[in-house]
Amino acid sequence: MIRTFCGATVKAVGTARPIKEVRRLHSSYDVAVVGGGIVGLATVRELILRHPTLSFILLEKEKELAVHQSGHNSGVIHSGIYYTPGSLKARLCVRGATLAYEYCDKKGLPYKKCGKLIVATEQEEIPRLQALYERGMKNNVRDLSIVDAEGIREREPYCRGIMALDSPNTGIVDWRMVALRYGQDFEEAGGTVVTESEVNDICSATESQAGSTEGMKYPIAIRDKKGREVRCRFVLTCGGLHSDRLSQISGCSSEPKIVPFRGDYLVLKPEKHYLVKGNIYPVPDPQFPFLGVHFTPRMDGSVWLGPNAVLAFKREGYKVYDFNVRDFADALSFRGLQRLVMKNMVYGMGEMYRGIFIGAQVKILQKYIPELSRSDVLRGPAGVRAQALDRDGNLVDDFVFDGGVGEVGSRVLHVRNAPSPAATSSLAIAEMVADEVEKRFDL
């Protein structure tokens with residue numbers, strides 16, 4: 001389901017030039033894409049491959065591409081088990097996983113199909129596990145099977161459970177590496193990537209550019225915080241953690257609101273890596289909004305454990321003490337977050353407790369690997385999830401597109417929410433967003 005609401009640097013792959021050089025060479029484009037995460041990069045790549053005669057520019061506020069959600073995630077290639085059969089999320093995840101494996105094979109990018117076990121450790125979890133199996137089958141997830149305790153030990157010798165769902169088509173990859181390769185494809189096709197350009201205004205151009213003989217062919221002006229300007233015919237934003245704010249500057253509603261949730265991981269000490277071969281996940285509890293802690297091997301050979309899920313005090317705050325006044329006030333004053341907290345108070349307090357006390361987190365993990373001890377783990381990295389919330393405190397799981405008002409609104413499309421697993425689904429999402437762009441805009 002799709003819900004619809006009414007100092008810059010030019011970065012080649014591995015190179016950088018100042019934006020004034022762009023202005024001298026070319027400052028008008030057919031399409032500008034704002035946001036250099038994996039969704040923005042996949043989408044601008046898809047668009048330029050479909051429309052090679054048009055000019056495209058991608059604007060990113062950081063010095064490098066894909067440094068936030070795209071570079072701070074578990075690295076899993078999901079298979080599509082969890083999502084409602086027939087839903088857009090399910091279809092995009094299943095197709096996205098297939099496209100991701102094909103893309104990595106074509107480009108020579110490394111990945112591992114290490115599989116995933118969703119493990120039931122208690123009898124009361126078995127009906128939910130069986131329901132997940134039915135979901136996965138309806139979603140056409142490949143090679144799913146249910147295994148007993150012996151089957152669990154065959155796949156994960158140190159894991160204990162009474163029944164598990166085995167998904168051998170689940171894999172791992174470095175999603176930031178994949179995202180950067182999308183960017184390389186885009187540049188090789190003739191696109192321009194500009195970093196260190198934080199967009200803070202999208203408006204109608206009031207006059208033709210100096211020296212232009214084309215009149216108002218490029219009627220939209222995009223300006224960054226340093227006052228630099230790019231003109232274009234159409235704009236697409238894929239702002240991730242700032243998607244709601246990018247939408248608002250072109251006159252859109254403030255909702256759904258992006259509320260940042262930080263997930264803190266533990267890491268397994270190298271001498272204990274033998275405990276985990278593939279992904280080990282719990283059976284999700286539908287009462288709670290997140291999947292729960294899990295074991296995740298990484299492409300670099302490390303093993304991550306977790307994460308928890310706590311409110312981040314900064315939208316890009318990867319450390320416990322990272323704080324931004326605007327982000328914190330924005331979140332706490334939003335009625336939707338207040339209602340979410342009230343509905344999940346006990347769960348939220350537990351997540352905070354486990355984030356502070358590693359032993360409490362390890363105790364949960366020991367349900368799956370009893371041999372694990374507190375001395376086997378260290379504090380690890382963190383990621384921040386851009387969780388879209390409505391005013392009633394509901395997690396927005398649908399894709400949300402938004403336009404705007406007036407002349408600007410007819411030429412701007414905001415991807416306000418691309419819910420998890422957006423990395424796995426990125427190439428399929430790109431197809432869908434490109435279709436939406438073509439439907440709305442006369443390219």
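Quick look at the numbers
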read-out	value
Selection status of Ala90, crowded, with 20+ Cβ neighbours inside 10 Å and either within 23 Å of Gly292 (Cα to Cα) or not β-branched (Val, Ile, Thr) (or both)	yes
Options Tyr103, Tyr133; residue that is of a type in the set (Ser, Thr, Tyr), open to solvent by 40 Å² or more (accessible area, probe 1.4 Å) and not in a loop (DSSP other than H, G, I, E, B)	Tyr133
Val230, sole failed condition from (1) within 30 Å of Leu372 (Cβ to Cβ); (2) of a type in the set (A, V, I, L, M); (3) not in a helix (DSSP H, G or I)	(1)
Residue that is nearest to Lys63 (Cα to Cα) [pool: residues in the range 164-179 that are crowded, with 21+ Cβ neighbours inside 10 Å and hydrophobic (A, V, I, L, M, F, W, C)]	Ala179
Failed criterion for Asn140 (all others in (1) over 22 Å from the mean Cα position of the chain (by Cα); (2) of a type outside the set (Ser, Thr, Tyr); (3) under 22 Å from Val293 (Cα atoms) hold)	(3)
Wholly within the range 298-397, helices (runs of 4 or more DSSP H) carrying at least 2 residues that are open to solvent by 50 Å² or more (accessible area, probe 1.4 Å) and either among the β-branched types (Val, Ile, Thr) or within 20 Å of Ser420 (Cα to Cα) (or both)	345-356
The range 36-77 - residue that is in a helix (DSSP H, G or I) and touching a strand residue (DSSP E or B) at 6+ places or on another chain (Cβ under 8 Å) and, of those, farthest from Lys217 (Cα to Cα)	Gln69
Qualifying residue in the range 258-273 (condition: over 24 Å from Ile356 (Cα atoms), in a loop (DSSP other than H, G, I, E, B), open to solvent by 10 Å² or more (accessible area, probe 1.4 Å) and touching a helix residue (DSSP H, G or I) at 6+ places or on another chain (Cβ under 7 Å))	no
Search result, residues across the range 426-443 that are touching a strand residue (DSSP E or B) at 6+ places or on another chain (Cβ under 7 Å) and part of a helix (DSSP H, G or I)	Val433, Glu436, Val437, Arg440
Residues (more than 21 Å from Asp244 (Cα to Cα) and either aliphatic (A, V, I, L, M) or open to solvent by 60 Å² or more (accessible area, probe 1.4 Å) (or both)) located in the range 191-208	Val193, Val194, Ala205, Thr206, Glu207
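The values are calculated or read from the model by the stated rules, or taken from the named source; none is laboratory data. Please read these numbers as outputs of a predicted model, since none were measured by experiment. As a convention, Cβ positions derive from the backbone with ideal geometry for all residues, glycine included, and neighbour counts pool all protein chains shown. The protein model used for the area step is the full one, side chains on, heavy atoms only, and it has no ligands, DNA or RNA in it. Shrake-Rupley method; radii C 1.70, N 1.55, O 1.52, S 1.80 Å.
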